[in-house]
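Engineer: Before I ask anything, let me first share the structure, which is written out below as structure tokens.
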Amino acid sequence: MKQAFICAEMAKSHDDVPIGAVIVHDGKIIAHGENQVQFKKNPILHAEIVAINKACKKLNSKFLDDCEIYITLEPCAMCAVAISYARIKKIYFAARDIKGGAILHNSKIFQTDKHLWKPEVVEVPEFGIQSADLLQDFFKAKRK
């Protein structure tokens with residue numbers, strides 16, 4: 001999770017919402033991503049999507065079923081579905097996202113029995129405050 005926070009700081013450095021993600025395979029980080037929406041002017045370049053793209057290239061596979069993803073914030077609907085399509089086996093996330101999250105909130109993507117692939121989901125609350133503080137500080141600075 002600490003590496004995901006390094007990615008979040010990278011996103012912040014180019015004026016993107018500070019969210020980071022890393023993908024682990026066989027105990028090793030194989031891909032990382034940070035939000036690049038503002039940086040690359042592309043609304044789908046969330047941290048999870050960037051990391052998934054890199055992991056698929058690294059493993060030369062469209063499925064990441066032996067992988068886990070660590071994310072600093074509860075994934076949105078787009079990212080949760082992308083994680084499902086990539087068949088990532090386990091999601092770890094730091095902070096809940098009441099407004100945009102789609103795992104515990106809003107659409108609750110994995111709480112339907114009709115979903116193609118349901119990863120195991122683990123909230124890592126010991127990193128939740130760090131993630132929330134990072135996001136709150138970012139948006140306070142934006143409002144000034």
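Engineer: When you check residue 54 against the structure, is it surrounded by 12 or more Cβ atoms within 10 Å (Cβ to Cβ), closer than 24 Å to residue 13 by Cβ, of a type in the set (Lys, Arg) and at pLDDT 95 or above, yes or no?
Structural biologist: yes
Engineer: Would you mention how many residues in the range 108-129 are within 16 Å of residue 78 (Cβ to Cβ) and either open to solvent by 70 Å² or more (accessible area, probe 1.4 Å) or more than 17 Å from the chain's Cα centre (by Cα) (or both)?
Structural biologist: 4
Engineer: Among the candidates 102, 132, 82, 141, single out the residue that is small (Gly, Ala, Ser), outside any loop (DSSP other than H, G, I, E, B) and surrounded by 18 or more Cβ atoms within 10 Å (Cβ to Cβ).
Structural biologist: Going through 102, 132, 82, 141 in turn, the sole match is 82.
Engineer: Could you tell me which numbered condition residue 31 fails, if it satisfies all but one of (1) part of a loop (DSSP other than H, G, I, E, B); (2) open to solvent by less than 10 Å² (accessible area, probe 1.4 Å); (3) of a type in the set (Gly, Ala, Ser)?
Structural biologist: Residue 31 satisfies every listed condition except (1).
Engineer: Please go through (1) buried (at least 16 other Cβ atoms within 10 Å of the Cβ); (2) farther than 25 Å from residue 12 by Cα for residue 60 and return the number of the only condition it doesn't satisfy.
Structural biologist: Evaluating residue 60 over (1) buried (at least 16 other Cβ atoms within 10 Å of the Cβ); (2) farther than 25 Å from residue 12 by Cα leaves (1) as the failure.
The values are calculated or read from the model by the stated rules, or taken from the named source; none is laboratory data. Computed from a prediction, not measured in an experiment: that's the story for all the values here. Cβ sites come from the backbone with ideal geometry, for glycine too, and all protein chains shown count toward neighbours. Only protein heavy atoms, including side chains, enter the accessible area calculation; ligands, DNA and RNA are left aside. Shrake-Rupley method; radii C 1.70, N 1.55, O 1.52, S 1.80 Å.
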